[in-house]
1. For every other residue with a beta carbon closer than 12 angstrom to the beta carbon of residue 37, add +1 if it is Lys or Arg and -1 if Asp or Glu, then tell me the sum.
2. Could you give the angle, 0 to 90 degrees to the nearest 10, between helix 3-98's Cα long axis and the longest principal axis of the Cα atoms of the chain?
3. Under a point spin-label approximation (7 Å from Cα along Cα-to-Cβ), what is the residue 95-residue 81 distance to one decimal in nm?
4. How long is the chain along each principal axis, judged by its Cα atoms, biggest number first, in Å?
5. Counting pairs of alpha carbon atoms under 8 Å apart in space and at least six apart in sequence, what relative contact order in percent does the chain give?
6. Using the Karplus curve 6.51 cos²θ - 1.76 cosθ + 1.60 with θ = phi - 60°, work out ³J(HN,Hα) for each residue of region 158-165 in order, rounded to whole Hz, and write x for Gly and Pro.
7. Run the quick spin-label model on residue 47 and residue 18: label points 7 Å from Cα toward the beta carbon, then report their separation in nm to one decimal.
8. Rounded to the nearest 0.05, what FRET efficiency do residue 145 and residue 71 have when you use their Cβ-Cβ distance and R0 = 25 Å?
Amino acid sequence: MDTGVIVAIVVAALILLAVLWFVGRKGRERRFETRRHEAREIRREAEVGRAQADKTRAEADVQAAEARRQDAQAREHAASADEQHREARERHIEAAEKDPDADPDEAAAQFDSEHAQRTAGTSGDQSVGDESVEHYEHTSEPGVERERRFERDEDGEVVRDEEYEQPRGDR
């Protein structure tokens, strides 16, 4: 074989190897770019999910704060009612002490019995010293609203757990 032909074959082989290397590199870069795009989409979806979770957490925190506020308000009302009850009882006893025909101990017992009858209908199933805790939770997600109520006894055991789920219509 002629040297020129050998040189031409070697040059052609080198050019072919360079073209194959260049095509392989471009294909790999395309695959990497596709994977980068997929990773960006996954990151974007994760960010949207995190934002939704943050929003749901914020709503739950607001509801918990409202529940704490209402609980504090209820305790305040109960304390006020107890104070008014104590003052009324003292006034009844004071009136009985001034009345020569009345016995202060009987007046106190009668007041306490009347008060017990009045509050028996309003207190429901809860007894004095009941340490049970009722919890209410409302969550709203696209397409569904959920409510959950549960109650724990004084030992922390769940004694009632109810969950309601209602589909939401598009608004």
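Read-outs: derived from the displayed coordinates by stated rules, not from any lab. Because the structure is a prediction, the values reported are computed rather than measured. We place every Cβ from the backbone using ideal geometry, glycine too, and count neighbours over all the protein chains shown.
1. Its environment carries a net charge of +4.
2. Roughly 0 degrees between the two axes.
3. The modelled label-to-label distance comes out at 2.2 nm.
4. Over the chain, Cα extents along the principal axes are 146, 36, 26 Å.
5. Rounded, it is 12 percent for the chain.
6. Using θ = phi - 60°, the values come out as 6, 9, 8, 8, 10, 10, 10, 10 Hz.
7. Output for this residue pair reads 4.3 nm.
8. Computed FRET efficiency for residue 145 and residue 71 comes out at 0.60.
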